[in-house]
Structure formats: C-alpha cells, structure tokens
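For reference, the structure discussed in these notes is given below.
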Protein chains: 2
Amino acid sequence: MESLEENGFQDQVQSIVTRRFRRLCFHLQPPLESASSGDLEVLSCACRAKVVVNRDRLSDYMRGKHRDVQQRVYDYFNSRPELQTPLEISKDEHRELCMRQLMGFVRESGIRPFRYALEDPGKYFAILEAVGGVDMSLGIKMGVQFSLWGGSVLNLGTKKHRDKYFEGIDNIEYPGCFAMTELHHGSNVQGLQTVATFDPLKDEFIIDTPNDGAIKWWIGNAAVHGKFATVFAKLILPTHDAKGISDMGIHAFIVPIRDMKTHKTLPGVEVHDCGHKVGLNGVDNGALRFRSVRIPRDNLLNRFGDVSRDGKYTSGLPSISKRFAATLGELVGGRVGLAYSSVGVLKISVIIAVRYSLLRQQFGPPKQPEISILDYQSQQHKLMPMLASAYAYHFATLHLLDKYSEMKRTHDEQLIGDVHTLSAGLKAYVTSYTAKSLSICREACGGHGYAAVNRFGSLRNDHDIFQTFEGDNTVLLQQVAGYLLKQYQEKFQGGTLTVTWNYLRVSMNSYLSQPNPVTARWEGEDHLRDPKFQLDTFRYRTSRLLQSVAVRLRKHSKTLGNFGAWNRCLNHLLTLAESHIESVILEKFIDAVQSSPDSSSRAALKLACDLYALDRIWNDIGTYRNVDYVAPNKAKAIHKLSEYLSFQVKTVAKELVDAFDIPDYVTRAPIGMQATEDAYSQYTQFAGFEN
Amino acid sequence: MESLEENGFQDQVQSIVTRRFRRLCFHLQPPLESASSGDLEVLSCACRAKVVVNRDRLSDYMRGKHRDVQQRVYDYFNSRPELQTPLEISKDEHRELCMRQLMGFVRESGIRPFRYALEDPGKYFAILEAVGGVDMSLGIKMGVQFSLWGGSVLNLGTKKHRDKYFEGIDNIEYPGCFAMTELHHGSNVQGLQTVATFDPLKDEFIIDTPNDGAIKWWIGNAAVHGKFATVFAKLILPTHDAKGISDMGIHAFIVPIRDMKTHKTLPGVEVHDCGHKVGLNGVDNGALRFRSVRIPRDNLLNRFGDVSRDGKYTSGLPSISKRFAATLGELVGGRVGLAYSSVGVLKISVIIAVRYSLLRQQFGPPKQPEISILDYQSQQHKLMPMLASAYAYHFATLHLLDKYSEMKRTHDEQLIGDVHTLSAGLKAYVTSYTAKSLSICREACGGHGYAAVNRFGSLRNDHDIFQTFEGDNTVLLQQVAGYLLKQYQEKFQGGTLTVTWNYLRVSMNSYLSQPNPVTARWEGEDHLRDPKFQLDTFRYRTSRLLQSVAVRLRKHSKTLGNFGAWNRCLNHLLTLAESHIESVILEKFIDAVQSSPDSSSRAALKLACDLYALDRIWNDIGTYRNVDYVAPNKAKAIHKLSEYLSFQVKTVAKELVDAFDIPDYVTRAPIGMQATEDAYSQYTQFAGFEN
C-alpha cells in the first residue's frame, strides 16, 4: 500500500524520467523523425496530442465585431446576380459595371459607408474589405470616392466643405477624384509641380499644369465618372517684395472637372484615359492637365492653412514642413484600409490553395492509392507558413484598426506617430507578402490554378498595385526605419518612447547583451515553442539592426552627408523596418493566442503562431548564426521543428481555412469550395460537360 | 640614372606595397566604403577602373548564331501591323488573331519552323523565342503545333506517320493537339486513365474516356482549331488467358477530332472550352471526352511499341517502364524551349525595368536635383542581381541548346540522361526565377509599371504557366535530385559518372573534406572574386546536400519505405537540385567570361558573373555559416562586396541591357525605350496628349 506522499513522489520521479527521456529523444531523434519510430511514438503522441479544432468557436473568435456588416455586404451582392463581375469583361464595360455596383450598393443595401468613415472607421474598413472580396475594382472605386475624395474633403477641409459636399459624396451624386500623383512625381509629394496661384482681383485660385511632367496621372474616377477632384498643388501667393510671389507649399483644392448636368469636361480641364492596367480595370484612372482653371477661394481645403480675401496666409502650424506633415498625416487611413484588405486577399488565396491541395491527389506509394498533394512536404512548406501568416496578419491588422479608431477619437499626439508608422509598416510588409503568396498559390495549384475561374490571376493582378499606391512599399519601410532611429536617438537623450516601441525602451540593452552561450545551445521543443524565446529572438534582431545601422549612419554621414549615408545603408534600413514589423506581428499573435477563450482554438492558434515564429527565424538564420545567437545544432533544431510544425498545421489546415468564414460565393473558385467533394464536378460543369 | 633591373625591382616593390595596402584597406575599409575616402580612392580606382563596355562587341558575342533568323521574325511582324496583338482583346478575338499570326508567319515569312525542328533544333528554338517576344500566345500556339503535335508524330511515330502528316503539320493544314494531361492527372502521366482497346476484328483501336477524371484537359488547339490530337492512353490488348485483356501501358495515338472539310467535331468526340485563363488567352485550350472513338491500327505512334494485325505486341524495349521512359524522353525538347524562352522573357522584363529606373528620378539630396531611382541601393539590390542572372541563364541555356542538338544528332545514351536532367533543372530553376522577377520588376517600376502598355502584366500572366506545363517545377527538380542520387550511388559502386556531373566525380571528396580554417577566414576581394573560390563554394554546398540527403534517405527508408523517406526529405531534395543547377549555371557563366574575345566585354561579364556568384552565396549564407565554411567576417565581406558589385554593375547597366539587342518594337513598353529621353513623351502621347 503506497502512501499519498509516495504516490506523489513516484509521479514526480516518473515525470522527471519522462521529461529527460523526451529531451533525450529530441536530441537523438528530432520531432520530425519520432512520429513513426515505435516506442517513442507513444511519448511523442502524449506531448503532441492531435489538435482538434472546433471550427465554429475559432471562427467566432476570429470574426471580430464587424462580421455582421460584412455578411450584409455579401448578401446584398449575392441577391443581385446582375451585379456580378463576369470572368471576361472589357475595360469600358467593367468601369460601367463597377459604377453600377457602387451606386446599387450605396443606394439599395441600407449600408452607407461614408458615414462610418467618420463615426466608426473599423466598420468602414470591414465594409471596404468585404466589397473588395466581391470585386477588388469595386473596393478601390469605393475607396477613391469615400476614403480619398471624401476623406480629403472631411480631413483637410473645414465645416463649410463638409456642409457643402457631404451629402453628394455620400450618395455619389458628387463622384470625385484625388488628384495628387503626377507623371513625374509619385512618392515625392513635395516635388509636385502643379500650381495654384491666388488672384486677389477675382478672389480665385488659378490652377495650372506647368509642364507635361506635372500632368496628374493615375487619378481614379477621372477618366469617366468624376465631377470633382481634390487637386494637390503648390499654393502661390502674390507678395509685395521683389520676388513678387511666395510658394507656400503643397495644399489641396477642390476643382470641378465636369459639368454637373452635361457631364462635359469643364473649360481648361483636359482629361485623358490612362488606359488598360495590369488589374483593377473597373476603376477609370485618368490623366488631368489644367490650363488656367479658376476656382473660388473657398475651394481651398483650409484646415491646416488658409488664405484671406486680401491674400494673406494664416495657419495654426508654423512651417511648410509641419503643414505638409499634417496634410499627409490625415491620409493614413488609406494605408490602414489597404493593409486590412490585403489580409482579406491573402485569406481567399490561401483558402483556395489549401482546399485544392487537400482535394488533388497525385502519385503515392507503389501499388497504393495516390495521396493528396498537401501530404507532400514541399506543398506544406509552400502553404502552411502562409496559412499561419494569414492568421498572424489578421490579428495584427485588427490591432491596427483599433489603434486607428482610437487615434481618430483621441487625436493623441504619440498615437498619431505610432499609427502612422505602424500603418506604413504593416501596409508595406503585408501587401508584399500577399503579392508573393498569390504567385506561390497559383503555382502550387498547377494547371487548374491557371484557369481564370479559380481566381489567382485576377486577385494577383488587382492586388499587385497595393504595393505601390498609398505609398510605395520601399518608401514606407524607410519611414518605419526613420521613426525607429528617431526613437533610438530620443532614448539616448533621455526622452520617453511611445508605446508601440515598448520593447526597445524596456530592454534594448538586455537584447543586445552578449547572447547567453547556454541558451544559444538550447534546442528542446519546449524552449523553441516558448513565446519568450521567440519574441526575444525577433527583438534581438531588430535591436541589433537598429544599433548597427545607427553606428553606420553616423560614420558615413561624415563623408557622404545624411542623404548619401542613408542611401549607403538603405538595404540595412529596409531589413530593420521589416524586422521590426515582424516583431510587432508576432507580439500581437502571441497576445491573440493567449486571449483565445477556448482551449481547442488556443491549441490550433498556438501551432500556427509557433510556425510563424520559427519559419521567420529560420528564414533569417544567417543573421543569427553570424553573431552566434544560435548554435549550429540549434539552427538545425529550429529547421526541423518548423518542418514538423508545417506538418502539424496541415492536419488542421481545413479547419483553419474554414474558420476564416468566407462563403463559397465570395471565394468563388470551383477548386476552392468548402465541400471539396463537389469541386471537380463544379469544374467540369463550368466547362460545359453534363454531370 | 637607374638601371633597368633597379627599375623592375622598384616596380615590384611598389606593386607589393600597393597590394598590401589594398589588402589592408580592404580590411579596414571594405570596398563599399572606400569609394569616397580621399587618398584611398586613387588606389581603389586603380584596381577598379571603371568598366567601359563596347555595346556592339558585347552584343555580337551574346547574340549567338541564330540572331539573324530572330531578326527576320521581328521584321516580318514589324511589317504586318495588322498582326500586332492590341493591349485589350477578347479571348475569342485573340484566338483568331493568334491563328492568323501563325498562318501568316509560316506561309509568308519564308521561315518554316517545323523543318528546323528536325534539322537544326537550335534555330527552331531561336525562332520560338522570337515569336514568343511578339506575343507569347503565338509562341505557345506554335509550340503546340510543331513541338507537341508535330514533335509527337516525328519522335514517337515512324516513317509512315512522317510521310502522311509532315506536310500538313508544316503548312498548318493539319492543326493538331497534344492530348496528354487529364483532369485528374497532370504530373503523374503513368496514372492516365484514357484507354485505347485493340479490336482485332476491325483492326482498330477504340479510344474511351472511362470517367470524368480522365477527360483530357488543358489541350491546346483543341477548343477551336485542332483537326487531330495525339492522344495518350493505356493500350489494352485482348489476351487468351482468364483475364481476357492486358494493359500494355501508356501509348500515343493519332485521333482525328474534327472533320477536315466541315470542321465539325467527329462522332464520339466531345469538346468543351477550358475557358478564360490567367494568360495565354490566344491559345484555345479545350477539354476532350472520347466515347468509343475508332481509329485505324496505323494511328498508333509505333516507334517504341507496335501491335500486329493479329493483336500481338512487339517492342525493341523490354518493359512498360522502359517504353514509358523512352516515350517521355522524346518530349524533352519542350523543356529546352521553355527554359530558353523564359530567359527571353526575363531579358525583356529586365530591359524595361532597368531603362525606366535610369529615367525615373525621385528625391535627392537637399536642394539638389533629384536622382535616378537606380541610384538607390534598394533598387540596385532588386535589379542588378537579376540583370546578372539574365546573363548567367543566357549562357546556361545556350549550352543546353548545344547539348540538345548534339543529343539529337548522336543519340548518345549518356548525353540523353544528361540533357534530360539538365533541361528539367534549368526549366524549373529559370522559369521560377523569371516568374518572381516579373513581379519584382513591376513593383520596382511603381505606378507606371502597372500600365498594361508597359508589359509586365501580360508578360507575367503569359509566362506564369511556364512553371507548370512541360512538367511541374517541383516534380522536375525531384528528377534532378533523383539523377544526382543515382550518380552518387554509382560512384560508390565504382561506375562512371556522366560528363555534366563532372565535379562530383572529380572532387566530391575534396569538397567534403573539412573546410580549411584559413580559407574560411579569407575575405580579400581577390579571393572572393576568384572563380575557383566561387565554384568551390557552390559545389561544396551541392556535395554536402547530396551526401547528407543520401544518409537521411537511407535512414528513413527503413521505417517509412522509399516513398515515405523521399517525402520526409523532400525540401532537402529540392534544395539539392537547385543548388546543383546553380553550380552548373555558374560554371557556364565563368566559361563564357573566359571565352569572351575582347577585354571590355570580359570585364563587364566578369562583374556580372561575380555578382551572380556572391549574391547566391549570400542568399544561402546560413548554410555556409552552419558548417563554418565561411567565418562571420567573411560572410560580412561577401555581403558588402555583393552590394558593391550591384553598385558597379549599375554603372554599366544601360550597356548591359542594350547588348541584349532586342529592338524597341519588340520590348514595346514606352517606359523601356532605348532612347530614354523619349520615354515620357511616348507615354503621354499614348494616353492621348499632344506633345
């Protein structure tokens, strides 16, 4: 008869033995190997019980608070088959259809997106994402109308503008454009050349395109539908000094471009069609040249700077650069929307690729049935880290939405800086990733991925420009790097750091202290799957990149000047920015795993999160090895574990994609239907065969 | 007065001092830094004199022997503006235009591609590449007619087939299809389910589609134009044993599918349209279902196996698998053509992106003119290794063409194996690289890269499927890995190795001997730019990957069986295959540099070759660091030097892309014109502005 103590003691011994044995197994026989090696299997099964996912509970957790309005968007379009975009459609027809879709939606669905843009930005972006799922051209057309044209009026104008234009923008009686980009200037907005000269005699501004390089280019809604344009131009005021004029910097002006009744182009406005694009051909991008186009003084969007009747300039902000920053700062919402919508595209793409890979069978062991292509390690390697990333970005962009809404509510200074940088970084990082993933998914689905009906082509073509508009990704990442450097500098000057960059404040030094020679060799699964190890590793990289680039910049700026030094370190700076964004994403993912209310969802999310973390570490293993942050065997263990986690995630891949909860009539690809048994017959029917 | 000896001695001392000083500089001040640091500059300029490229001489060297026929292709289409494919065209119109282009070209240009397919494969592929530059759909349409349909008749049939079909294929009176792929089976050709049953009573084969999964799918030329199809099916012969039938494996049969006069689909043949694709919409892919379609016995393409009047099977090859290998072996030309054409696409894409990046200016040092975006380190990083790779692949695929032609001439056994593997590897490696590059180029050209007229969209959409057809890239790379393993095994069994794999035979052991602790630390520029170092490093990786995967496979096959072990090591095997192909490419590039007849071309090619080599080594630096093949500081030096080489290649980038010698009316993108000063005005004219 054993006493309880004895029992407890025995349990303890037993658990020590088991743990040791497990650790030993892990060294002798890394996880990948142990799954099918007899006795060890029992143990490895014990510590890695098959994750069972309750799809509905996970889905509830994922959905977020705006899933209802997204369902209403889907329902509206599902009930209007005549508003579906066909697979093949000419540019002109697509533009007309896109306008009909937008009008129909805004006027019939009972959802008025423009109102939410002010009251509830989170809801507005959720609508935008859902609309983009119907047809990305429609999402962008809507974004041009409400975020860009409407957003410029609301955010850069004052009450008089809101009173005059709100209704017309909201109900699309005033379709409008956002005329910022010029033929010669996209990223360098301060280099724009269009001029708006104040004429005190007539109390008007005169808008002019001084040369062909200043033609407004790529302007959405301009080629066909727009009645107005918010035109960005250098404000020129007459002065009484020798120079005669003064350049007050870039300002925004409302310029009517077409007659409200006849829809004819107004005098002095020359509009041409930018023509066929790689994608988004439902959006009518045009080019605008202005020849002495006169607009009333009231058309200056005067929130950050105004001109009085007698031509005096007033502003609450002290300098051109401050006003410029404030103006551009108001446009950050576009990036938030793109980052969020890009995750939506990634989800659709991953859903289709994963479902098809489960359905498709090819080859197999001799004289046995063929196996699904997702059973191949190579296919898991292509798709499982991508599935994990879709989850990671989902949580990160939800976080960004929350921060953005909070910023809009509070106008908190620090929050403005954080949201600006976070939206720039996430927009750049996520859209680049999604763009690459669309190509990988197409290729992973072989020939059937090449059928237009299976979506990858149009998704890729439409999404492609996400990497460029609302800020070229390479430029945006530099803004992130610049912000990090500013924070780093302030840290050394004893200033406070803003919240997003907490980890730099708290522990930059500890991250940069010599890597512990013991932990550099730890290679147990428990250690590698410990969020602390993962976060430390990500942050160590960022901290190190930040510190080293600061040193290099200081050194080079002596001989090359600031601009030359920045360019000399540009690749380094971009890596730093990406590294930082990856850290933020991981942090939010870990939070989301821990906040998950039920254990089955938590286990599934934990798998995905570990895969996201280890896959990224492995992708940059050279960096870690170069500074001996991980020893060679640890690097090997990380690689093996990430392959094993891909295999594990595969076992719940169907549930994980189902939990995105995107209806079949939105994903639409016959090879990506939820009930995979129907996929092939859907497909043969589509081609015209009777089933 | 100094004696000559003294003079010589002083020179020698001087050169030792200079060399030492240079080496010292390199350590203290790696090349990237030295360019602008006063005194050192003189020295670094001396050792890195600006490379001056004679574009014409380089171009002559690059062109190869078939440039004249390519010019004739370009001239023909340039003289026939009505055969230009417009930017926007519907699927149906594109298909008709594509057929008109093909007919016009073959009947009017004086070039008869099909004849060269036999007599001079190198010339044939050169024509194919040029035609693909006009419109990739046309290139593929031509490939379907001559390489696939025509190629199957010539290579799998016998004299009777050639006599009967050659003329009609050559002059396109017999447009035909290559009906191999089925809805359920692409890569696994042995899994095809279509059956061809011999009926001895009527001396006919009966072709049948037993289930929907066996519908022939993606068959080019089938939806609209094809009159015939080479149908791959299991040959079923009646036997006198209990089973009653015998499955002889996959064979190819000529099946008429449309009436020669009325063009109506023949009885028992059901054809449907595979519909809109991501790209290549000028090619009419269709789906074919056969219901007891009878064809004469003579329609069996009987080169590798025949059926006699009384239903007896005869073959010079002993087994189903040998016959299958021989049949598929004849189709290797398609891969050669794709690898070669893919390099053509890469060149066009790089030309456009580089020229635009030289033209486009954005930002710059304060109060100074803006700088060209190719002056940014990030843009160099995106495009310069790509430009170097285009050169690398150019020479590698020319080498493949030569080997292929030699194989066709000699039918040498070893050569057949080599060409098979090399074509599989290069096709997979190059098409994957080009596909990624097209996306990078689009993004690198920002908004203007998104205009359809600037080509990236259609090039990407059309080229995308190169990764899939003629063998899925993931499957092809496995064939390379399999072949390497076979060679490895034979090596240990004392067998001889074939020529392509020379380096494995010669020095596998030396590559695998412990990395020399001294060379692992060498970081001088001379060393890093030494072809021997570069080749050793590439081959070391391949050798190591080969040896380690062989060990892993042996271990896993005991518990998982061969198939399971292969799958468990799949990522490893794919890396091995890529690593090997990279080694072969580097080897050919180094040869090409050394064979270059003039020193200016040699210097330019050497720059590109070094960049190709070091960029690849840096991309996989983790692997080298993990085994301490390179020390941390050497890794750093490799990184710095590859950034510096990107900068150096940039200085001759214009000449390097010009030397590809592709006329403006072939590249066509307004932003990619050779005379960059016209680019913007071409572009505004295109949009409708008067200049």
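Only counting protein heavy atoms at a 1.4 Å probe, give the residues of the stretch B:277-307, ordered by number, whose accessible area falls by 30 Å² or more when the other protein chains are present relative to the chain alone.
Residues losing area: B:VAL278, B:ARG289.
Along the positive direction of the dipole of the protein assembly as shown (beta-carbon charges: Lys, Arg +1; Asp, Glu -1; about the Cα centre), which of A:GLY110, B:MET99, A:ASN211 reaches farthest?
A:ASN211
Peptide A:372-383: average number of partner chain Cβ atoms within 10 Å per residue?
Values: counts 0, 3, 0, 1, 6, 9, 9, 2, 3, 4, 2, 0.
Across the residues of A:372-383, the mean count of other-chain Cβ atoms within 10 Å is 3.
Suppose every Lys and Arg Cβ carries +1 and every Asp and Glu Cβ carries -1, with no other charges. What dipole size does chain A come out with about its Cα centre, to the nearest 20 debye?
Values: 82 positive and 76 negative charges, 346 e Å.
Dipole size: approximately 1660 debye.
Could you tell me how far the Cα centroid of the stretch A:610-627 sits from the Cα centroid of the stretch A:132-200, in Å?
42 Å
Can you tell me which of A:552-563, B:468-479 comes out highest on packing, and rank the rest after it, using the mean Cβ neighbours within 10 Å?
Numbers: A:552-563: 14.7, B:468-479: 22.8.
Ranking the peptides A:552-563, B:468-479 by packing returns B:468-479, A:552-563.
Need one word for the protein assembly as shown: rounded, prolate or oblate. Basis is the Cα gyration tensor (sqrt eigenvalues a ≥ b ≥ c); a/c below 1.5 gives rounded, then a/b vs b/c decides. All intermediate terms of the calculation are to be shown ahead of the outcome.
Values: a/c = 1.33, a/b = 1.22, b/c = 1.09.
Rounded, because the longest to shortest axis ratio a/c is under 1.5.
What is the spin-label model distance, in nm, from A:ARG162 to B:ASN171 if the labels are put 7 Å beyond Cα along the C-beta direction?
Roughly 7.9 nm, to one decimal.
Dipole of the protein assembly as shown (Lys/Arg Cβ +1, Asp/Glu Cβ -1, origin at the Cα centre): which of A:ILE236, A:TYR74, A:TYR340 lies farthest to the positive side?
Ranked along the dipole, the leading option is A:TYR340.
Taking the alpha-carbon centroid of each part, what is the distance from the stretch B:240-285 to the stretch A:332-365 in angstrom?
Cα centroid of the stretch B:240-285 versus Cα centroid of the stretch A:332-365: 34 Å apart.
Tell me the accessible surface of B:GLU82 in square angstrom (1.4 angstrom probe, heavy atoms of protein chains only), to the nearest ten.
Spelled out: B:GLU82, probe radius 1.4 Å, area about 100 Å².
Determine, from the Cβ-Cβ distance of B:PHE563 and A:LYS65 and an R0 of 60 Å, the FRET efficiency 1/(1 + (r/R0)^6), rounded to the nearest 0.05.
Numbers: r = 48 Å, r/R0 = 0.80.
Efficiency, rounded to the nearest 0.05: 0.80.
How large is the direction-averaged shadow of the alpha-carbon convex hull of the stretch B:176-325, in nm²?
On the way: hull surface 38.4 nm².
The directionally averaged projection comes out at 9.6 nm².
Listed highest first by mean packing, meaning other Cβ atoms within 10 Å per residue, what order do A:200-208, B:350-358 come in?
B:350-358, A:200-208
Under 10 Å from the Cβ of A:ASN281, count the other residues' Cβ atoms, weight Lys and Arg +1, Asp and Glu -1, and hand me the total.
On the way: positive: A:LYS91, A:ARG95, A:LYS277; negative: A:ASP92, A:GLU93, A:ASP284, A:ASP462, B:GLU88.
Counting the neighbours of A:ASN281, the net charge comes to -2.
Full extension from A:ILE245 to A:ASP310: what is 0.36 nm times the residue separation minus their Cα-Cα distance, to one decimal in nm?
Values: separation 65, 0.36 × 65 = 23.40 nm, distance 1.41 nm.
Extending this stretch completely gives an extra 22.0 nm.
What whole-number distance in Å separates the alpha-carbon centres of the stretch B:554-600 and the stretch A:64-90?
The distance from the Cα centre of the stretch B:554-600 to that of the stretch A:64-90 comes to 47 Å.
I'd like the residues of the stretch B:655-691 whose 1.4 Å-probe accessible area shrinks by no less than 40 Å² going from the isolated chain to the full set of protein chains.
B:TYR680, B:THR684, B:ALA687, B:PHE689
Going by the alpha-carbon gyration tensor, a ≥ b ≥ c the square roots of its eigenvalues, is chain B rounded (a/c under 1.5) or, if a/c is not under 1.5, prolate (a/b greater than b/c) versus oblate? List each step's numbers first, then the result.
Values: a/c = 2.38, a/b = 1.50, b/c = 1.59.
Oblate, since a/c reaches 1.5 and b/c is not below a/b.
What percentage of the solvent-accessible surface of the protein assembly as shown, computed with a 1.4 Å probe over protein heavy atoms, is contributed by carbon and sulfur atoms?
On the way: 28020 of 53090 Å².
So the carbon and sulfur contribution to the accessible surface is 53 percent.
Per-residue counts of other Cβ atoms within 10 Å, averaged by peptide: what ranking do you get for A:260-269, A:396-405, A:618-627, highest first?
Details: A:260-269: 12.1, A:396-405: 21.8, A:618-627: 19.0.
The packing order, highest mean first, is A:396-405, A:618-627, A:260-269.
How many partner chain Cβ atoms sit within 10 Å of a residue's Cβ in peptide B:558-567, on average, as a whole number? Please report the intermediate quantities before stating the final value.
On the way: counts 1, 5, 5, 3, 2, 6, 2, 0, 3, 9.
What the average comes to for B:558-567 is 4.
How much FRET efficiency would the formula 1/(1 + (r/R0)^6) give for B:ARG554 and B:ASP199, where r is the Cβ-Cβ distance and R0 is 60 Å, rounded to 0.05?
Numbers: r = 49 Å, r/R0 = 0.82.
The pair B:ARG554/B:ASP199 has a calculated efficiency of 0.75.
Which whole number gives the average, over all residues in B:216-225, of C-beta atoms from other chains lying within 10 Å of the residue C-beta? Can you show the working numbers first?
Values: counts 0, 6, 5, 0, 0, 0, 0, 1, 0, 0.
So the per-residue partner count for this stretch is 1.
Between A:LEU237 and A:ASN54, what is 0.36 nm times their sequence separation minus the Cα-Cα distance? Round to one decimal in nm.
Values: separation 183, 0.36 × 183 = 65.88 nm, distance 6.53 nm.
Gain on stretching A:LEU237 to A:ASN54: 59.3 nm.
Just the number please: accessible area per residue for chain B, 1.4 Å probe, all protein chains included, in Å². Display every interim value, and only then the final one.
On the way: 26540 Å² over 691 residues.
Spelled out: the 1.4 Å probe surface of chain B, per residue, equals 38 Å².
Past 26 Å, Cα to Cα: identify those pairs from B:LYS202/B:LYS408; B:LYS164/B:LYS312; A:LYS164/A:LYS264, in the order given. Walk me through the intermediate numbers first.
On the way: B:LYS202/B:LYS408 37 Å; B:LYS164/B:LYS312 24 Å; A:LYS164/A:LYS264 22 Å.
Result: B:LYS202/B:LYS408 exceed 26 Å.
Suppose only helical runs count, i.e. DSSP H with n ≥ 4. What mean residue ellipticity at 222 nm does that imply for the protein assembly as shown under -39500 (n - 2.57) per run, divided by all residues and rounded to the nearest 500 deg cm²/dmol?
Values: 54 runs with 800 residues, N = 1382.
So the helix-based figure for the protein assembly as shown works out to -19000 deg cm²/dmol.
Roughly how big is the A-B contact, given as buried accessible area in Å² (both sides, 1.4 Å probe, nearest 100)? Walk me through the numbers on the way to the answer.
On the way: alone 30560 and 30550 Å², together 53090 Å².
Buried: approximately 8000 Å² between B and A.
Could you give the length gained on full extension between A:ASP259 and A:GLN84, defined as 0.36 nm per residue of separation minus the Cα-Cα distance, in nm?
60.0 nm
Which pairs in the list A:LYS123/A:LYS588; A:LYS347/A:LYS640; B:LYS403/B:LYS486; B:LYS347/B:LYS427; B:LYS123/B:LYS588 are over 23 Å apart, alpha-carbon to alpha-carbon? It would help to have the intermediate numbers written out before the result.
Working: A:LYS123/A:LYS588 21 Å; A:LYS347/A:LYS640 26 Å; B:LYS403/B:LYS486 21 Å; B:LYS347/B:LYS427 16 Å; B:LYS123/B:LYS588 21 Å.
Table pairs above 23 Å Cα-Cα are A:LYS347/A:LYS640.
The values are calculated or read from the model by the stated rules, or taken from the named source; none is laboratory data. Please read all numbers here as calculations on a predicted model, not as lab measurements. Every residue, glycine as well, gets a Cβ built from its backbone with ideal geometry; the counts of neighbours run over all protein chains shown. With ligands, DNA and RNA removed, areas are computed over all heavy atoms of the protein, side chains included. Shrake-Rupley method; radii C 1.70, N 1.55, O 1.52, S 1.80 Å.
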